[in-house]
């Protein structure tokens, strides 16, 4: 969902790239802080680095051949890894679209 602003003169919702960019930057920063980055890294980091950091911090652990089940903590780490990777990919895509929209005004 993109950020929109209501224009009284036109009586319609308009896309606001600045608000969208600020919102998505905040969401991106939330994930970066979870995996050990800082605000200074937002403009220099790549999506591959973020995904690798997520997988290192929250490892996706599969059931091994010796056990029939994973422990609860392994399942939680697996779910966190899956959800964070899915969310960061979506946020990253939208963040870059908003950045381009802002640059091309």
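Every residue, every condition in (1) in a loop (DSSP other than H, G, I, E, B); (2) modelled with pLDDT under 90, yes or no:
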{"residue": "5", "(1), (2)": "no, yes"}
{"residue": "27", "(1), (2)": "no, no"}
{"residue": "32", "(1), (2)": "no, no"}
{"residue": "37", "(1), (2)": "yes, no"}
{"residue": "43", "(1), (2)": "yes, yes"}
{"residue": "52", "(1), (2)": "no, no"}
{"residue": "64", "(1), (2)": "yes, yes"}
{"residue": "68", "(1), (2)": "yes, yes"}
If you check 45, 50, which single one turns out to be under 11 Å from the mean Cα position of the chain (by Cα) and surrounded by 15 or more Cβ atoms within 10 Å (Cβ to Cβ)? 50
Among the residues of region 73-94, is there at least one that is assigned to a loop (DSSP other than H, G, I, E, B) and at pLDDT 90 or above? no
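The values are calculated or read from the model by the stated rules, or taken from the named source; none is laboratory data. Please read these numbers as outputs of a predicted model, since none were measured by experiment. All Cβ positions, even for glycine, are placed from backbone atoms using ideal geometry, and neighbour counts span all protein chains on display.
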